[in-house]
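Trainee: What follows is a single structure, and I will ask about it in a moment.
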Amino acid sequence: MRTTSYTHHAHTVYEHRLDVPLDHTRPLGADNPSIEIFAREVVRPGKENAPYAVFLQGGPGYPSPRFGTFDSGWMNRLLQDYRVVLLDQRGTGQSTRMDAQSLSFLPSAQEKANYLRYFRQDQIVYDAEAFRRELAGEEPWTTLGQSFGGFITTSYLSLAPQGLKASLITGGLPGLVHVDEIYCLTYQRTAARNRVFFQRHPEDETTVREIAAHLRDTEELLPTGERLSSARFRQIGMMLGGQGRTDQLHYLLEGPWVTVKGQRRLSTQFLEAIADATNVAPIYGVFQEFIYACATPELHGTATNWSADRLAEEIPGFAKDADPLDTSEPYYLTGEHFMRRVFDEDPGLAPLAEVADILAQVKDVAPVYLPEVLAENSVPVAAAVYYDDMFVPRELSLQTGELMGAHHYITNEYQHDGSAYSGGKVVDHLLGLLAD
């Protein structure tokens, strides 16, 4: 492991880089090269000998947070008791990246897809274990997993529980079922969030319908040059799943129009805001459904097969080609539902469209959760389950938590991002559950 250090706001910060195999289950070789994983360790004065806690970021496809200071939020709470390790999951941040540019060394879409099979939860767990052994030797550590980080934690509890002293999960207890069942529930929750939002701001429902109809008939270009479709516009519904982000969504929709040569057009400012709101990391788009493929041994042999796209046609309010001006039917913004057509429209994703198609049909990837192991779990687990979570269905989270014997903190006070929005209160509550 290669390490550098510096002082930041009185805290000692270590930057670690570690080479690991692409596939931890096979020896290194020409067909199994090494990749680099990065982690930033933060130590508060006086806590040089404290136990370790590793943070597992949500996503998939996003690096650990970069903090300007360490004196607020969940990070401040963890630093009171732990040396905190912020892991950049493989494919993100300063770890070996995954995007169209970094994959260009592989000539075919099939080879790229084969490579990406090793960027799921199981291999991230093995990366974390490699870091734990380097930093803590044989001592187990504590994990804090937010959203997808909770999915990784559940894989950790399945595949390497010996490395865990305790686990905290916020909005991230995964369902151990086929992705179709998960998306049926998230579509229902997203529809409910749409209804609440439109009841509060009925003028915004009118605006959403008018914009979608306008985009059907009129070419509007985003700053990156591609045409904005109604499907991509509807992705702003992701904002409905965050605490306080519904206010941002309302402000986004309050003034989208300008008149140009007597024609009603979307303003440049609005188009820029839509581009920002719908911009996603490539690995997020490619892996949004692939993280659910063959999730358990019982699901081996089943593909995701563009689940969100298929189910959208079956659930009122989400059909791709519905008439937005037909007010007899609901017309909703979408949530964490990634449509196939966006890969043809988004220039950041278009080079990976064929790769995503291949991954959507994969039926033989290694399972990431082992229910029989989780049923025998002895690692203390405390999990925040948000009652109205739009992205991780409460019903399935509670089933998984009960299977592993987790302490549940069920609350409707927060949405999916409650860990960050609460200023550390959620994490503090979970630590209290472990201490009881």
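The values are calculated or read from the model by the stated rules, or taken from the named source; none is laboratory data. Note that the structure is predicted; figures quoted are calculated from it, not measured. Here the Cβ positions follow ideal geometry from the backbone for every residue, glycine too, while neighbour counts run over all protein chains shown.
Trainee: Of all residues in segment 48-84, which are of a type in the set (F, W, Y) and not in a strand (DSSP E or B)?
Mentor: Y62, F67, F70, W74, Y82
Trainee: Determine whether Q123 is out of contact with any Phe, Trp or Tyr (no Cβ under 9 Å at 6 or more places or on another chain) and farther than 22 Å from P282 by Cα.
Mentor: So Q123 fails the test.
Trainee: Would you call S102 hydroxyl-bearing (S, T, Y) and either within 27 Å of D357 (Cα to Cα) or touching a Gly at 6+ places or on another chain (Cβ under 6 Å) (or both)?
Mentor: yes
Trainee: Could you say whether any residue in segment 124-142 is closer than 25 Å to P351 by Cα, out of contact with any Ser or Thr (no Cβ under 8 Å at 6 or more places or on another chain) and not polar (S, T, N, Q)?
Mentor: no
Trainee: Same structure, new question: May I ask you to list the residues in segment 389-433 that are part of a helix (DSSP H, G or I), modelled with pLDDT of 95 or more and either among the aromatic types (F, W, Y) or under 16 Å from L78 (Cα atoms) (or both)?
Mentor: The answer is K425, V426, V427, D428, H429, L430, L431, G432, L433.
Trainee: Quick check on segment 385-405: of everything there that is in contact with a helix residue (DSSP H, G or I) (Cβ under 8 Å, 6 or more places away or on another chain) and farther than 14 Å from L185 by Cβ, which residue is surrounded by the fewest Cβ atoms within 10 Å (Cβ to Cβ)?
Mentor: Per the criteria, the residue is L403.
Trainee: From the list G335, G418, G348, which one is over 25 Å from K165 (Cα atoms) and either without any contact (Cβ under 8 Å) to a residue 24 or more places away in the chain or surrounded by 20 or more Cβ atoms within 10 Å (Cβ to Cβ) (or both)?
Mentor: Just one listed residue meets the conditions, G335.
Trainee: Going through segment 248-272 one residue at a time, which ones are in a strand (DSSP E or B) and touching a strand residue (DSSP E or B) at 6+ places or on another chain (Cβ under 8 Å)?
Mentor: Hits for segment 248-272 are W257, V258, T259, R264, R265, L266.
Trainee: So for segment 10-27 (the condition being among the polar types (S, T, N, Q), crowded, with 22+ Cβ neighbours inside 10 Å and either touching a residue at least 12 places away in the same chain (Cβ under 8 Å) or within 18 Å of R120 (Cα to Cα) (or both)), does at least one residue qualify?
Mentor: The answer is no; no qualifying residue exists.
Trainee: If the requirement is being closer than 30 Å to V426 by Cβ, buried (at least 16 other Cβ atoms within 10 Å of the Cβ) and out of contact with any helix residue (DSSP H, G or I) (no Cβ under 8 Å at 6 or more places or on another chain), which of these qualifies: L56, L86, L78?
Mentor: L86
Trainee: Same structure, new question: If you scan segment 85-102, which residues turn out to be basic (K, R) and outside any loop (DSSP other than H, G, I, E, B)?
Mentor: Passing the criteria: only R97.
Trainee: For the condition within 18 Å of Q288 (Cα to Cα), charged (D, E, K, R) and either modelled with pLDDT of 95 or more or surrounded by fewer than 19 Cβ atoms within 10 Å (Cβ to Cβ) (or both), what is the one hit in D180, D247, D217?
Mentor: Within the list D180, D247, D217, the selection yields D180.
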